[in-house]
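Quick note: the coordinates plus some simple rules give every number you see, no bench work behind them. What you are looking at is a predicted structure, and each value in this text was computed from that prediction instead of being measured. Note that each Cβ is placed from the backbone with ideal geometry, even for glycine, and that neighbours are counted across all protein chains shown.
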Amino acid sequence: MGELTGRTVLVTGAGRGIGRAEALHLASLGANVVVNDPGVTIDGRGPDDSVAAAVVEEIHELGGRAVADTGSVADWDAAGRMVERAVEAFGDLHAVVNNAAIEVNKGLERLTEAEFDDVVAVKLKGTFAVSHWAAAHWRRRSDAGSKADRAIVNTASGSGLYNPLPSQSNYAAANAGVAAMTTVHALELGRLGVRVNCVVPSMVRTRLTREVPGMDQAPPTDGPDPRDPSVVAPLVSYLVSQDCPLTGQFLSVRGGTVIACRGWTIGDQVHKDGEGWTVPELARQLESLPLDDPFERLAGALGTALGSQGREALQAMISAELDKS
Ligand SMILES: NC(=O)c1ccc[n+]([C@@H]2O[C@H](COP(=O)([O-])OP(=O)(O)OC[C@H]3O[C@@H](n4cnc5c(N)ncnc54)[C@H](O)[C@@H]3O)[C@@H](O)[C@H]2O)c1
């Protein structure tokens, strides 16, 4: 008997990368797994049914239980069918891991409406759609008197939380939306016995991070790879487990380190009683207020300090990246 024996978990985007590793880990702990993945390219084209099927086969070969689902999370009805598939195959659904994503990275002036919509549809609407159908199922179970522990684990990115990146209007906005929705759903679904948390992978070696600076180094040959897609899986297995008390949490995983993230907070303020501010007054007052600097934040994420030279160099790097044809 594994820690997750008897629990059924739907993992979206489980055909590759982090989602595949999560599905394998969940199954190794005894969970029944619905492996969802339409097997699309990095930018969401060309479905391939064999991608989900291969993971299901791997799980079966290891003695686990799994079924494949090749629907798109961005398709409202297909998202509903994923929940039905779990119930048909295994009798119930205990947890959803919203992991699917695609990426189309371009500067704002070149990013098209369709490229914006497609990325948001998978990451943000897809998280909403699958969570909606799962919550509707759990509402019916709760009304029928079933009080089992249920869980949703969303997946966000530092690009969207603490470090939105140039070229990612669509991906960063969608991830920020997933984070906001995690808090909303944690507050709403507690009454149905559903916990909702969010994992935030960082610098994991998958096709999504192939072009991120520093990710092209070969994995170490003399020990475990801190960037292997499997580094996130134990945390996800814990978050879906019956005895986990956590809800409304954002946990970033970087190699062997798990970091609690905090959301937007209220900072320092200036105040004026009586008549409203004049523009020069505001300019003077805001100059003295410690404000966030997105360039400083990006430099920190890249591991460099930002002097005035650094700012120019960073701006040049951003321009070069965005102007690539
Ligand atoms: N790799 C990292 O370092 C990193 C960092 C931050 C966040 N993330 C997040 O982790 C998650 C997994 O990313 P990954 O790096 O493993 O990427 P990946 O491309 O290896 O895997 C994503 C999977 O999602 C599937 N998918 C795409 N569109 C789908 C749809 N409409 N419906 C269902 N499945 C769909 C793809 O076919 C693919 O197999 C994503 O949510 C990503 O935003 C990854």
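Before moving on, here are some points about what is shown:
- At full extension, Arg110 and Met215 could sit 35.2 nm farther apart than now, given 0.36 nm per residue minus the alpha carbon distance.
- Computed about the Cα centre, the dipole magnitude for the chain is approximately 720 debye when only Lys and Arg (+1) and Asp and Glu (-1) carry charge, each at its Cβ.
- Neighbour-limited loop hits for GluC sites (Glu not before Pro), the range 262-325 (at most 11 other Cβ within 10 Å; DSSP other than H, G, I, E, B): Glu275
- Cα-projected label distance for Glu312 with Asp225, points at 7 Å along beta-carbon direction, nm: 4.0
- Span from the the range 12-74 Cα centroid across to the the range 247-282 one, whole angstrom: 37
- Formal net charge of residues neighbouring Ser157 (Cβ-Cβ distance under 12 Å; K, R +1; D, E -1): 0
- For the chain, built as a Gaussian network whose Cα springs stay under 10 Å, the top-fluctuating residue of Gly267, Gly19, Gly310: Gly267
- Cleavage-rule hits, trypsin sites (Lys or Arg not before Pro), the range 187-241, DSSP coil, Cβ neighbours within 10 Å at most 11: Arg210
- Extension gain from Val270 to Leu322, taking 0.36 nm per residue of separation minus the Cα-Cα distance: 15.1 nm
- Hits among lysines - C-alpha to C-alpha of Lys324 under 20 Å, sequence gap 8 or more where chains match: Lys106
- Near Ala313, once Lys and Arg are set to +1 and Asp and Glu to -1 for all other residues with Cβ below 14 Å from its Cβ, the sum equals -2.
- Electrostatic bookkeeping for Ala52 treats Lys and Arg as +1 and Asp and Glu as -1; over the other residues with beta carbon under 12 Å from its beta carbon, the sum is -3.
- Cleavage-rule hits (trypsin sites (Lys or Arg not before Pro)) in the range 1-54: DSSP loop, at most 10 neighbouring Cβ within 10 angstrom: Arg45
- Were the residues from Asp75 through Ala305 laid out at 0.36 nm apart, the gain over their Cα-Cα distance would be 78.4 nm.
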